[in-house]
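Beneath this line is the structure, given in structure tokens, with notes to follow.
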Amino acid sequence: MNLVLQGPQASQDSLDRLARLAQPERVLRLGEHALRCEGVIFSAELKARIDDAAYAAGVDASFIEPGRRLADFRLVAMDMDSTLITIECIDEIADMQGLKAQVSEITEAAMRGELDFAASLNARVALLAGLDASALQRVYEERLRISPGGEAMLRAVQAAGIKTLLVSGGFTFFTDRLKPRLSLDYTHANVLEVADGKLTGHVLGGIVDAEEKMRTVGRVCAELGIEPNQAIVMGDGANDLRMMGIAGLSVAFRAKPVVRAQASVALNFSGLDGLLNILQ
């Protein structure tokens, strides 16, 4: 097994100390803040020990089978809020109503898997009723930022001829704008109902929940003529687990503990472009 160690603030001393714990056959430096340990004898005990030590040192530790490369995959599917972008859009929209704290609390509980996602989304959207729809544009222009490393990761993925899917429990207002901005191939999200220039507090059509996210990844894979194990799926919340579960590689990005525990690899400190070191 190979072990990739990386972190934007990681010192060579920290990386070398973690590498010694792994007792690899070889160590290859991937840059100033990353290295790959090759020929590691994997065990659950070793993984737990390295995971704990790496997290304490601000380092991402990713075990990966030797020979796995970005070129092995044909699709990268991403959650939007708190994954491809740094914010939860619904929380920022709610801030325009003076309700951010109330909505954020519901969002956090839903992302931890403590609440039914569809019910929690309907409850949060209901609180937005009467808000001028121009607030959505303000959130997009003033608050939406691409997560660190996101654009570099996408450039590399697209250069490799890999298709991209943004599938979100958020809203089409934002995915529709990110699609041309980032040259994404597919997007799927919830539709906020607007009447007379104001949000009605309702979502049109079915909710993009965990099941729909998984179905969407499956549909896009079928359209591309590939198997789901040829997809990389990235997410942060409990509603991403179903689609991550059918992927060939699942990536937990700055994720909730329940997601980190089930993902193939976790990026807690690195940007989204940390994927490139893992599959180098």
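The values are calculated or read from the model by the stated rules, or taken from the named source; none is laboratory data. Since we're looking at a predicted model, the values are computed, not measured. Here the Cβ is made from the backbone with ideal geometry for all residues, glycine too, and neighbour counts use every protein chain on show. In case anyone asks, the SASA skips ligands and DNA or RNA and just uses the protein heavy atoms, side chains included. Shrake-Rupley method; radii C 1.70, N 1.55, O 1.52, S 1.80 Å.
On the basis of being loosely packed, with under 14 Cβ neighbours inside 10 Å and without any contact (Cβ under 8 Å) to a residue 12 or more places away in the chain, does G67 make the cut?
Details: loosely packed, with under 14 Cβ neighbours inside 10 Å: yes; without any contact (Cβ under 8 Å) to a residue 12 or more places away in the chain: yes.
In short, yes.
Any idea which of (1) open to solvent by less than 20 Å² (accessible area, probe 1.4 Å); (2) among the aliphatic types (A, V, I, L, M); (3) touching a Lys or Arg at 6+ places or on another chain (Cβ under 6 Å) is the one I106 doesn't satisfy?
(1)
Looking at (1) touching a residue at least 40 places away in the same chain (Cβ under 8 Å); (2) surrounded by fewer than 19 Cβ atoms within 10 Å (Cβ to Cβ); (3) aliphatic (A, V, I, L, M), find the lone condition where V191 falls short.
(1)
Name the pairs whose Cβ atoms lie under 7 Å apart, with the first residue in segment 77-101 and touching a residue at least 40 places away in the same chain (Cβ under 8 Å), the second open to solvent by 10 Å² or more (accessible area, probe 1.4 Å) and β-branched (V, I, T), and 6 or more positions between them or separate chains?
Short answer, once both residue conditions are applied: D81/I87; L84/I146; I85/I146.
Which one is nearest to A247 (Cα to Cα) among residues in segment 55-81 that are in a loop (DSSP other than H, G, I, E, B) and either out of contact with any strand residue (DSSP E or B) (no Cβ under 8 Å at 6 or more places or on another chain) or among the β-branched types (V, I, T) (or both)?
Checking each candidate, the answer is R69.
Give just the number: which of (1) over 20 Å from G271 (Cβ atoms); (2) surrounded by fewer than 19 Cβ atoms within 10 Å (Cβ to Cβ); (3) modelled with pLDDT under 95 does V27 not satisfy?
(3)
Of the residues D91, D52, only one is under 22 Å from the mean Cα position of the chain (by Cα), open to solvent by 70 Å² or more (accessible area, probe 1.4 Å) and more than 21 Å from A247 (Cβ to Cβ); which?
Answer to the check: D52.
Can you give me the number of residues within segment 172-214 that are outside any helix (DSSP H, G or I) and under 26 Å from A156 (Cα atoms)? Quick ask: steps written out before the conclusion?
Applying the first criterion (outside any helix (DSSP H, G or I)) to segment 172-214 yields 183-209.
Applying the additional criterion that residues be under 26 Å from A156 (Cα atoms) yields 183-189.
Looking only at that region, the number is 7.
List the pairs whose first member sits in segment 37-62 and is on the phi > 0 side of the Ramachandran plot, whose second member is polar (S, T, N, Q) and assigned to a helix (DSSP H, G or I), and whose Cβ atoms are under 9 Å apart, counting only residues at least 6 apart or on separate chains?
From segment 37-62, the pairs are G58/S14.
Being aliphatic (A, V, I, L, M) and touching a strand residue (DSSP E or B) at 6+ places or on another chain (Cβ under 6 Å) is the filter; apply it to segment 31-54 and report the residue that is nearest to Q6 (Cα to Cα).
A34
Among residues belonging to segment 135-155 that are open to solvent by 30 Å² or more (accessible area, probe 1.4 Å) and within 18 Å of the chain's Cα centre (by Cα), point out the one that is farthest from I93 (Cα to Cα).
If we take residues in segment 135-155 being open to solvent by 30 Å² or more (accessible area, probe 1.4 Å) and within 18 Å of the chain's Cα centre (by Cα), then R155 is farthest from I93 (Cα to Cα).
Return the residues of segment 219-274 that are in a helix (DSSP H, G or I), within 30 Å of A10 (Cα to Cα), open to solvent by less than 10 Å² (accessible area, probe 1.4 Å) and touching a residue at least 40 places away in the same chain (Cβ under 8 Å); say none if nothing qualifies.
The answer is D240, G274.
Where residues in segment 162-171 are open to solvent by less than 60 Å² (accessible area, probe 1.4 Å) and part of a strand (DSSP E or B), which of them is farthest from A129 (Cα to Cα)?
This residue is T164.
For segment 30-46, how many residues meet the condition of being among the small types (G, A, S) and surrounded by 13 or more Cβ atoms within 10 Å (Cβ to Cβ)?
Final tally of qualifying residues: 2.
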